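The structure appears right after this line, and notes come after that.
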Amino acid sequence: MIRARPPVRVPLADALGLALSEDVVAPLSLPVFDNSAMDGYAVRAEDTAEASPERPVVLPVAEDIPAGRTDVLTLQPATAHRIMTGAPVPAGATAIVPVEATDGGEQSVQIRQHSQAGKHIRRAGEDVAAGTTVLREGQVVTPAALGLAAALGLAELPVFPRQRVLVISTGSELVAPGTPLQPGQIYESNSVMLAAAVREAGAEVIATPTAGDDVAQFSAVLDRYGKDADLIITSGGVSAGAYEVVKDAFGRDGDQGVEFVKVAMQPGMPQGVGRVAGTPIVTLPGNPVSALVSFEVFLRPALRRAMGLPDVQRPHRSAVLTESLTSPRGKRQFRRAIYDPVAGEVTSYGPPASHHLRWLASANGLLDIPEDVVEVSAGTELQVWDLT
């Protein structure tokens, strides 16, 4: 239902957390040139063969090579070039003597230990050879991957773009946090919660408006923001009573592109799905636990799949139940839970009702009880959705 957007090339600063849409091939080698791994002196290894703390070898310092020097230098036999970490190794040099093994001289230097050929020199291409595939299609861009891309001189990366999601909360009783409550009002929390869940899944939130129980107002919100969205999520207005604005806007019989159903799960029974002007819309229940659990079950996997991201599903762990529980017949129940991965145990956490948000805020898992199970005894092994 949720369509993947076409791959794009984005600046490195915008690529973090996105999946690569194609392999990335190194356009150059790393290091680009032979360079010093130490602050010290570039020498011919054979010129230090007799060096010791008691009888240092003294060599004239012919050049000073800081990092960033761009002219090409050649080291003459029986001389040294003072060199800094990352600076290009001059032609003819076969080793770097660390400054700690010298007297640090600028005109001449006392070298107090023999340095073997190749010592402390980073060779061109020893990390990456030009033409090597360094990042793979489907790989998620990490800080290290960005560092590698920048080191290779790449300004952009090919990625699957983020899904753009519109989150609408409905209900005339809702007011913004920070506003004084009037009798009968409650603070609007679903848009904050669902927007955070969308971002945590890797997608982008384009807006989080609230609409009252007025079809014209709700429709105006859809008209204003919906055209820029890849997915629309609403919460509230889908139950069986009066003043169900989402149902009223789309027709309670699903005759305007949205089908309303009762899902055999708890929490989260009333749902709706369809399209608005071609854009997918999912209508979630208004109770906060129902809304978030429904997002976890139905939307998080779909969003991540559309963005080419791995770990589409939350990790499912097997754990032993520490208590006996009952579950409603014919419904797949998701209970808030505390999962102990060390002991391999799980304990239900808080009441199962869909308005008990406090318990979900402190839970680290969802206990998944199948729809054909009515009673579960302590010691039974069940599946837990790991929310950590």
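The values are calculated or read from the model by the stated rules, or taken from the named source; none is laboratory data. Computed from a predicted structure; not experimentally measured. Glycine also receives a Cβ, built like all others from the backbone with ideal geometry; neighbour counts cover every protein chain displayed. With ligands, DNA and RNA removed, areas are computed over all heavy atoms of the protein, side chains included. Shrake-Rupley method; radii C 1.70, N 1.55, O 1.52, S 1.80 Å.
For this structure, a couple of remarks:
- So ARG314, is it without any contact (Cβ under 8 Å) to a residue 24 or more places away in the chain and among the charged types (D, E, K, R): no
- LEU309 being part of a loop (DSSP other than H, G, I, E, B), open to solvent by less than 20 Å² (accessible area, probe 1.4 Å) and out of contact with any Ser or Thr (no Cβ under 7 Å at 6 or more places or on another chain): yes
- Hey, GLY226 open to solvent by less than 60 Å² (accessible area, probe 1.4 Å), of a type outside the set (A, V, I, L, M, F, W, C) and in contact with an Asp or Glu (Cβ under 7 Å, 6 or more places away or on another chain) or not: no
- Residues of the range 4-44 classified as of a type in the set (Gly, Ala, Ser) and under 30 Å from GLY308 (Cα atoms), total: 8
- Those residues of the range 370-380 which are surrounded by 12 or more Cβ atoms within 10 Å (Cβ to Cβ) and either assigned to a strand (DSSP E or B) or of a type in the set (Asp, Glu) (or both), in sequence order: GLU371, VAL376
- ARG9, sole failed condition from (1) open to solvent by 70 Å² or more (accessible area, probe 1.4 Å); (2) under 27 Å from PRO88 (Cα atoms): (2)
- Any hit, the range 21-32, residues being farther than 30 Å from PRO6 by Cβ, in contact (Cβ under 8 Å) with a residue 60 or more places away in the chain and open to solvent by 60 Å² or more (accessible area, probe 1.4 Å): yes
- Every residue from the range 80-101 that is out of contact with any helix residue (DSSP H, G or I) (no Cβ under 8 Å at 6 or more places or on another chain) and assigned to a loop (DSSP other than H, G, I, E, B): MET84, THR85, GLY86, ALA87, VAL89, PRO90, GLY92, ALA93
- Index of the failed condition, ASP368 passing every other in (1) touching a strand residue (DSSP E or B) at 6+ places or on another chain (Cβ under 7 Å); (2) of a type outside the set (Val, Ile, Thr); (3) over 21 Å from PRO301 (Cβ atoms): (3)
- Candidates THR79, THR85, THR102, THR132, filtered to the one that is under 30 Å from LEU309 (Cα atoms) and among the polar types (S, T, N, Q): THR132
- Among the candidates ILE338, ILE281, residue that is hydrophobic (A, V, I, L, M, F, W, C) and over 27 Å from VAL221 (Cα atoms): ILE338
- If you go through the range 334-369 and pick out every residue that is open to solvent by less than 30 Å² (accessible area, probe 1.4 Å), within 14 Å of LEU292 (Cα to Cα) and within 25 Å of the chain's Cα centre (by Cα), you end up with 5.
- Top-ranked residue of the range 312-330 - restricted to ones that are touching a Lys or Arg at 6+ places or on another chain (Cβ under 9 Å) and over 13 Å from ILE369 (Cα atoms), ranked as most open to solvent (accessible area, probe 1.4 Å): GLN313
- Residue among GLY286, GLY278, GLY257 that is surrounded by 22 or more Cβ atoms within 10 Å (Cβ to Cβ) and either at positive phi or modelled with pLDDT under 95 (or both): GLY286
- Counting only strands (runs of 3 or more DSSP E) that sit completely within the range 104-175, those holding 1 or more residues that are closer than 30 Å to ASN287 by Cβ correspond to 164-170.
- Looking only at the range 176-192, and only at residues there that are surrounded by 20 or more Cβ atoms within 10 Å (Cβ to Cβ) and not in a loop (DSSP other than H, G, I, E, B), the one that is nearest to the chain's Cα centre (by Cα): SER191
- Of all residues in the range 99-129, those being within 41 Å of the chain's Cα centre (by Cα) and open to solvent by less than 60 Å² (accessible area, probe 1.4 Å) number 7.
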